[in-house]
1. Which one of these is at negative phi, of a type outside the set (A, V, I, L, M) and not in a loop (DSSP other than H, G, I, E, B): Arg52, Arg75, Arg17?
2. Quick one: Arg353 ticks every box in (1) on the phi > 0 side of the Ramachandran plot; (2) assigned to a strand (DSSP E or B); (3) not assigned by TED's automatic domain parsing to the domain that holds Gly18 except a single one, so which number is it?
3. Considering only segment 169-187, I want to know if a residue exists there that is farther than 24 Å from Phe360 by Cα, touching a residue at least 12 places away in the same chain (Cβ under 8 Å) and touching a strand residue (DSSP E or B) at 6+ places or on another chain (Cβ under 8 Å).
4. Being touching a residue at least 60 places away in the same chain (Cβ under 8 Å) and aromatic (Phe, Trp, Tyr) is the filter here; which residues of segment 258-299 pass it?
5. Considering each residue of segment 131-149, count those that are surrounded by fewer than 18 Cβ atoms within 10 Å (Cβ to Cβ) and part of a loop (DSSP other than H, G, I, E, B), and give that number.
6. What is the residue count in segment 253-287 for residues that are surrounded by fewer than 22 Cβ atoms within 10 Å (Cβ to Cβ), within 23 Å of Ala316 (Cα to Cα) and either among the aliphatic types (A, V, I, L, M) or in the same structural domain as Asn99 (by TED's automatic domain parsing) (or both)?
7. Pairs under 8 Å by beta carbon, first residue in the same structural domain as Gly377 (by TED's automatic domain parsing) and touching a residue at least 12 places away in the same chain (Cβ under 8 Å) in segment 114-134, partner surrounded by fewer than 14 Cβ atoms within 10 Å (Cβ to Cβ) and polar (S, T, N, Q), six or more apart or different chains?
8. Anything in segment 160-181 that is in contact with a Lys or Arg (Cβ under 8 Å, 6 or more places away or on another chain), buried (at least 21 other Cβ atoms within 10 Å of the Cβ) and over 23 Å from Glu114 (Cβ atoms)? List them, or say none.
Amino acid sequence: MGTAPNGPARIRAVVIRGGTSKGVFLLASDLPADPVARDSVILAIFGSPDTRQIDGLGGADPLTSKVAIIAPSARPDADVDYTFGYVGIEQAVVDYQGNCGNISTGVGPFAVDEGMVPVTEPVTRVRIFNTNTRKIMVAEVPVSGGKALAEGTFVNQGVPGTGARIELDFVNSAGSRTGKLLPTGNVVDRIDLSDGRTVRASLVDAANPAVFVQASEIGLSGTELPADTVTNPRILAVMEELRVRAAIMMNLAPSPGAVSPAVPKVAFVAPPQSYRTSQGTLVAVSDCDLLARTKALAVMHKAYAVTGGICLSAAALIEGTVVHDIVGPSARQTGTVRVGHPSGVATFYATVRKTPAGDFELTKSAIAGTARRIMDGYVYVPREAFRVRTA
C-alpha cells in the first residue's frame, strides 16, 4: 500500500473473472489489520453503499460485487489462505459468512501469477485454505511459461467464449458451517410457510449450507428465469422465506433478523426438461440431469453458484432427499450431475457413500471452470476510508 502526499491511498488490486462471477483480489498485507478499518477500505474500493457503485470497482450486481483477500498460508496443508466477502451494494456491509466457488476458481491462477506457489508445468496444484468455511480446496491450474493459462477450449456456460480448464476440488467439504452433511439429521424436513402451505425440504451442508425444495411444491416449474421475478416477485419472496426458516433450523442464526443475506443458499429444483436460457438458447432434456434456480443475495442468480452446486450435487446423491427424488438416473450412477440453470448447464462431480451406521459421507465434490485476469494495478482509496472508529 502506498500513499501520495495529501492524496488517496494506493492499494494493489487485481480484477479476475472467476467462473460466472467477477471479483477484486487483494493481498491481506495491503489492507488494515483492524477488521472495521479493513471493511471500510473494501467498501470504498467497491464504491459502496451506492446502487450504481459509481465511485468504485463494483459492477452494481451481486455477481460482480465480491472480494477475495489472499495471504501466504502458515498451514502445512495449504499454500495460500483465502477469505471471501460479499460486498454490499446498497448497504455498507461485507459479509464473510460463506464462500463463493466461482471466485474460488480464480484463487489458484492468482497465486500462480503472484509467485505465491512453486510453479510446475503443464499443471500446478494450488492448495487453498478458505477461512470462511475453514476447509481446504485444491485447484489444478494449467500453466505455461510460468504463468496461469487463460486461453483454452473449455466452455464455462454463462461465460462468453472458452478458456483454460481449472479443476477445483472441495476437499472434505461436508459440514462447512454446521459440522454435518445433514444439519438436522434428516434427509427431508417440513417447512411451514406464512401462506399456510407446508413444503418438503432437504437441508444439506457441503461447501455452503443450502435448502432445497421441489419447484412443484411452491407452484413453480423450474424453468423460471431472472426476468420472471420482475413480473412475479412472489418467486423471490418464497425463496427468501424458505432460506430464513432453514437457517434457523440449521442453527445458523438465532432469529430471522440475524440470518446472513448470503448463507444459507436456497434453490428450487425440477426434473430434467427442455427450456430456454436467458439468452434464448435451447437446452434439451437430454443435456441436463435436473433444473435448479438459486439466489444471489436479493436476486435470482443469473447462472448457478459453484458452492451451491457442490451442495446440490451432494444432495442429488443422498437417497431420500427432494433432489435425489427428481434427478436423472445417469447422475445417480455416475456422480456427474449436470445442472440446468438460467445461463446453461453446469457440471458437478460428487461421490456419496452410505456408511455401515446408515449415515451419508461425501467423499468427492469438484467442479471444472475457467478464470481470467482482467486487469491489475492500483486502486485509489480516499483517506477518510481509513479514519473509522474501531471498537
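The values are calculated or read from the model by the stated rules, or taken from the named source; none is laboratory data. From a predicted model like this one, the values you see are computed outputs, not experimental measurements. Please note: Cβ atoms are built from the backbone with ideal geometry, for glycine as well, and neighbour counts cover all protein chains shown.
1. Working: Arg52 fails: not in a loop (DSSP other than H, G, I, E, B); Arg75 fails: not in a loop (DSSP other than H, G, I, E, B).
Selected residue: Arg17, the only one of Arg52, Arg75, Arg17 that is at negative phi, of a type outside the set (A, V, I, L, M) and not in a loop (DSSP other than H, G, I, E, B).
2. Every condition holds for Arg353 apart from (1).
3. Here is the first cut: in segment 169-187, the residues farther than 24 Å from Phe360 by Cα are none.
Within segment 169-187, not a single residue is farther than 24 Å from Phe360 by Cα, touching a residue at least 12 places away in the same chain (Cβ under 8 Å) and touching a strand residue (DSSP E or B) at 6+ places or on another chain (Cβ under 8 Å).
4. The one that is touching a residue at least 60 places away in the same chain (Cβ under 8 Å) and aromatic (Phe, Trp, Tyr): Tyr275.
5. Residues that pass the stated criteria total 4.
6. Here the count works out to 3.
7. Glu121/Ser144; Pro122/Ser144
8. Listed by number, the residues that qualify are Ser173, Ala174, Ser176.
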